[in-house]
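Taken together, the values in this text are just the output of simple stated rules run on the coordinates, not laboratory data. Every value quoted in this text rests on a predicted model; they were computed, and no experiment measured them. So basically every Cβ, Gly included, is an ideal-geometry build from the backbone, and we count neighbours across all protein chains shown.
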């Protein structure tokens, strides 16, 4: 990386700031030039269960950096929710400007499609773009706009997701579906140390419904993927003592766990699934780590079970006094997690 551009991680209340100091181009009007790009990541575990007449979504933050943001289900309509993982909030401290916040923008990034429009895999005559594709393209365009201000070499691992979008919905006349949309970051070198940053994707992967003959059970997603903890399903199979302690002696919890293990999640009621997931996530999650939980019912639609903690939007984000900078860099920031040292895919 050029000596004129580097990433530093800045601890701040409610946010983990990864700051890129950008070189100025000769002759450039720098009155409104973006010199710093701050990217806050949504990191953690997302567990999704399709059960009888409902989809249950539970999330747990993975505090990989001070102030890492939790992944949060965002209602996109009465029957659909989206969850952002990875690069989420983008700001410019040098301009004291909030550039973008993807999970809050998701409802506006739906691409103008109807909530009950047919999705990929659903036959739709004379339909050129589906609702999932519309959301995917809109999010990709927004990410591309945000990343276009990065002109220094990030040495980003090829095909490693910079952002993921999980979409879960309960469509009329079709039923539940879950999609994973992944976006990667690629750069092209121009003259000298000037780089063009592009967002590639999305790559669409349908997670639910599963292929014929595959089990109907818990789906789990982790960001970062590297060094991700064992999945909840794996912990159940291993009879993890933390889970056994809450399951033993409770017939409903034990029966629900057995149905997940046997691949019969569609036989579980929404109430039993909620009770189980809340108890299970609480048992394996350290105290004071933020959690959320939401449910999408085939009749009642989206509803919160465990709301996310209040997180007011910052009008003028800036670095706190004494934060690392080019004039006062940290002793060794080479190993700190950031977009300069991103997680590598497994």
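Label-to-label distance for residue 310 and residue 252 is 3.1 nm, based on points extended 7 Å past Cα in the beta-carbon direction.
Could you list 103, 155, 298 in order of exposure, starting from the residue whose Cβ has the fewest other Cβ atoms within 10 Å? If you can, show how the numbers build up before the last one.
Details: 103 21, 155 10, 298 16.
Lowest count first: 155, 298, 103.
In whole angstrom, how far apart do the alpha carbon centroids of the stretch 141-159 and the stretch 182-201 sit? Taking the Cα centre of the stretch 182-201 as reference, the centre of the stretch 141-159 is 5 Å away.
Pull out a ≥ b ≥ c, the square roots of the eigenvalues of the alpha-carbon gyration tensor of the stretch 189-235, then state rounded if a/c is under 1.5, prolate if not and a/b is larger than b/c, and oblate in the remaining case.
Working: a/c = 6.21, a/b = 2.12, b/c = 2.93.
The shape class here is oblate.
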